[in-house]
Every structure is written in C-alpha cells, then in structure tokens.
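Right, one structure below, let's go through it.
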Amino acid sequence: MKKTLLLLSVLLTSLSMFAQENLSRIAGTVATASGNEGDLVAANAIDGDKGTRWGSNFEENTDSEWFQIEWTSAQAFNTVKLLCEGAMSAGNASALAFDILTSNDGSTWTTQTQVTGKNAGNNEYLTVTFSEVTAKFVRFQGVKKGNYGYTFYEFEVYNIDYAAQ
C-alpha cells in the first residue's frame, strides 16, 4: 500500500511539472476585438467555457479582423492555442492566414509569427509556437479569413518549457 501511494505521489508530481497555466485566464485579463457577430463577444474566448465563442462579424467582416487580450501586467509566453469553431476548419478556411502580434502599449505591435495554411476542425486546437516574448498584449490578427470569418471557442496563452518535455 505504501509503495502504491508513493508511486501515485511521484506520478502526480511529474504530471504537475508539465501542467501549464493558461495565461488568458489570469484575473483582470480583458479581451477585445475589432467586432463580433451578435452575442459572440470577445470575452467568450477567455471564459473557460468551451461552449461559448468569439466570432467576427459574419456579414461585414473583412480579412483584417482581430482579437486580443490585455493583461494588467506583462507576461512571458511562447504559445497560443486556439480552440477552433467549424468556420475555421479545412473545408471552410483552406486559405486561412493570420499573425500573432504582441505589444506593451496597445498601439505599437510586433509580429511574433505568421500562420498560413493551418487550420483545425470544429472543437480542435490549432497550436502556434514562437520564441518566448514578454508583453502586455497578445493579438490574433486576421490576414485571410475563411468563408465565415474568424471564430474560436477559446484563446489560450502559455509559456511552455518545451525542453523539459
């Protein structure tokens, strides 16, 4: 019994080393967007509810729609994960392109990575990695939308130590 408990304790400790904090869920984080379709507001993408989502304005959206979060203080991160809705899947977004931008003041932006030709099915993650950066804002900047615009259930941000995995 003691060996089983010890083994379980070691296993749980090992797993927790790889657990990463979703920085988009830090208290005080605010989500905004260039627009939204009805009740598909920006806050839905950081609420932790995989049944709600943000969606750009379907009728009037353009390729350059954006979604961003702002923290109360700068955070270090290197990964953005989008839990995609079907409008961003391969069938609807074969030419999907977007950038991940960062800023410390909300007006001067730096491109961390450009993404083209990637997409995910409904309720599937699209993971984007880049060199670690410290910033107060992170933005999904649309470049080329799918048939129905941009939309995701969750916008997650992490600082993952890939070397430790």
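Taken together, the values in this text are just the output of simple stated rules run on the coordinates, not laboratory data. Just so it is clear, the structure is predicted and the values come from calculations on it, not from any experiment. All Cβ positions, even for glycine, are placed from backbone atoms using ideal geometry, and neighbour counts span all protein chains on display.
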Inset, instruction - Starting from the amide H of VAL143, placed 1.01 Å from N in the peptide plane, find each other amide H under 5 Å away whose residue is 5 or more places distant or on another chain. - result: ALA97, PHE98, ASP99
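Just from its helices, what would the mean residue ellipticity at 222 nm be for the chain, if runs of 4 or more DSSP H residues each count -39500 (n - 2.57) and the sum is divided by every residue, rounded to the nearest 500 deg cm²/dmol?
Numbers: 1 runs with 17 residues, N = 165.
Calculated from helices alone, the mean residue ellipticity at 222 nm is -3500 deg cm²/dmol.
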Inset, instruction - Match the structure shown to one of the listed values (i) 30, 18, 15; (ii) 41, 22, 14; (iii) 52, 20, 12 of semi-axes √(5λ) of the Cα gyration tensor in Å, computed from it, and give that label. - result: (i)
Legend entry - Integer Hz, Karplus 6.51/-1.76/1.60 couplings in order for the stretch 152-161, x for Gly and Pro: 8, 6, 9, 10, 10, 10, 9, 10, 9, 8
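Eigenvalues of the Cα gyration tensor times 5, then square-rooted: what semi-axes does that give for the stretch 26-84, in whole angstrom, largest first? Show your work: numbers first, answer last.
On the way: eigenvalues 89, 35, 25 Å².
In descending order the semi-axes read 21, 13, 11 Å.
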Inset, instruction - Could you give me the percent of Cα pairs per 10 Å distance bin for the stretch 78-135, shortest bin first, beginning at zero and ending with the bin that holds the maximum distance? - result: 23, 45, 27, 5
Inset, instruction - Using packing as a proxy for protection, rank 36-42, 47-53 so that the peptide with the highest average count of other Cβ atoms within 10 Å comes first. - result: 36-42, 47-53
